[in-house]
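What follows is calculated from the coordinates using simple rules that are stated; it is not laboratory data. Predicted model only: the values in this text are computed from it and were never measured. Heads up, the Cβs are rebuilt from the backbone with ideal geometry, glycines too, and the neighbour counts pull from every protein chain shown.
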Amino acid sequence: MVLAPVSKCVWPGQKTRIEQPPRMKTSFLPKLVNGQKGDPALFVDLLRQKRALLFDCGSLTALAPAEILRVSDVFVSHAHIDHFIGFEHLLRLHLGRGRRVRVYGPPGITRCVQGKLMGYTWNLVKRQRLVFEVREWDGERVSVTEFLCRTRFRRSDSRRLPKSEFLYEDELVSVRGAVLDHRTPSLAFSVAESDFYNIDPVQLDSTGLRPGPWLNELKGWVRKGRAQAKTISIDGQDWDAAPLADKLLIITRGRKLTYVADALGNAENSGKIVELARAVDLLYCEGAFLHEDLARAQETYHLTAQQASELARSAGVKRLVVFHFSPKYEGRFAELNAEAKAAHKKSESVALID
Ligand SMILES: [Zn+2]
Ligand SMILES: [Zn+2]
């Protein structure tokens, strides 16, 4: 294969290699803070960004202070006490650290955060730089309200963001959501890491091109999906980006994780959950009740372990973790996992983690 600049370039039709994400490559390190039966809180360490996302904010005492200090974004499904009581623990640790913490939640979350903040006396905080940026989402639009510590957490005016497919998005990670019915809006979230792009050193060597900043430029155009129309200047000559990428890049698909907390097991919720969790690598889904107690689950707008497993199967997720077990099953928690396993056995594609 002979490499040539733009006008003479002929490529052998080599396809970009797409590999399954090996465990080492993932930037996610998720853990259920309180296991399957305690308050809901899913800590997702973002290894590439040295920060963490938190899905729900139940008791956080099981997390190390250093872990809580890495939390930059808190995604609250709803403000029932078991999902939000840990906020004050997070507030206590972040005081004096001078960072911005974004809090996402359903309609009413701004008032709930404000209520927590107004529960204390703030007369010695003029130099504190901590900011809570609350992003309230109604399924359509996000409204942003800030609470600055140095202003004694006085509530700012709110501003509306333009509509977007994502609640959060940067170069490395994005988060989408869905509004579920729990007799109050309960948000489910799906987080996706962007694909990994690595240069194949053997292929690069075979081209005879000198490594340089153009390699990052190439990755950038591919990441944005704009390589087709671009040329890249290498040592004074222009090259078509697309065939160059085809030749040199090894693409590792990023992982996807979905978090579903309290929700009624009805058709509308199921449709939204399946859409949000379609083919994800890992689904955390509440399964508070055994299916023998379906009536109680429906009465309290919760899912059963069997329903969680059926949703995972319908969505074609690779792995499922059921959690938020009702304390009424103390001593019988293994039955909830067994029920989810029995339901998932009907599918070969879903593995259950417990
Ligand atoms: Zn709830
Ligand atoms: Zn709950």
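List LEU248, LEU46 from most exposed to least, where exposure is judged by having the fewest other Cβ atoms within 10 Å.
Values: LEU248 24, LEU46 20.
By the 10 Å Cβ count, ascending, the order reads LEU46, LEU248.
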Handout entry: Excluding exposed DSSP-loop chymotrypsin sites (Phe, Trp or Tyr not before Pro) (at most 15 other C-beta within 10 Å), longest clean stretch of the chain
Key = 167-354
Problem - Distance between modelled label sites at ASP205 and LEU161, nm, 7 Å Cα→Cβ extension - result: 4.5 nm
Exercise for the section: May I ask you to list the aspartates and glutamates whose Cα is less than 13 Å away from that of LYS272, ignoring any residue fewer than eight positions away on the same chain? Expected result: ASP181
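Rounding to the nearest 20 debye, state how big the charge dipole of segment 48-159 is about its Cα centre with +1 on each Lys and Arg Cβ and -1 on each Asp and Glu Cβ.
Result for segment 48-159 is approximately 780 debye, rounded to the nearest 20.
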Handout entry: Between segment 248-273 and segment 53-123, the alpha-carbon center distance in angstrom
Key = 24 Å
Problem - Sequence of LEU249, LEU130, LEU311, LEU204 once ranked by neighbouring C-beta atoms within 10 Å, starting from the fewest - result: LEU204, LEU130, LEU249, LEU311
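Quick one: order ILE234, ILE81 by neighbouring beta-carbon count within 10 Å, fewest to most. The partial results should precede the final answer.
Details: ILE234 20, ILE81 8.
Ordered from fewest to most neighbouring Cβ atoms within 10 Å, ILE234, ILE81 come out as ILE81, ILE234.
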Fill in the blank from the handout: Connecting every pair of Cα atoms under 10 Å apart in the chain and solving the GNM, the largest mean-square fluctuation among GLY220, GLY316, GLY208 falls on GLY208
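Using the Cα centre of segment 248-354 as the reference point, and only Cβ charges (+1 on K/R, -1 on D/E), how large is the resulting charge dipole? Debye, rounded to the nearest 20. Please report the intermediate quantities before stating the final value.
Details: 14 positive and 14 negative charges, 114 e Å.
Here the size comes out at about 540 debye.
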Practice task
Mind checking which of LEU264, GLN298, GLY254 is farthest towards the positive end of segment 241-324's charge dipole, using Cβ charges of +1 (Lys, Arg) and -1 (Asp, Glu) about the Cα centre?
Solution key: GLY254
Exercise for the section: Filter the cross-link list LYS163/LYS224; LYS163/LYS256; LYS116/LYS318; LYS50/LYS341; LYS116/LYS163 down to pairs whose alpha-carbon distance in this structure exceeds 30 Å. Expected result: LYS116/LYS318; LYS50/LYS341
Handout entry: Simple Cβ-charge dipole of the chain, Lys/Arg +1 and Asp/Glu -1, about Cα centre, in debye nearest 20
Key = 1220 debye
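Can you show me the helix-derived [θ] at 222 nm for the chain, built from DSSP H runs with n ≥ 4 at -39,500 (n - 2.57) apiece and divided by the number of residues, rounded to the nearest 500.
The per-residue figure over the chain is -7000 deg cm²/dmol.
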Problem - Given charges at Cβ of Lys, Arg, Asp, Glu: the chain dipole, positive-most of LEU311, SER186, VAL173 - result: VAL173
Practice task
Given the options ASP293, ASP195, ASP45, state which has the largest fluctuation in a GNM of the chain using a 10 Å cut-off (strictly under) for Cα springs.
Solution key: ASP293
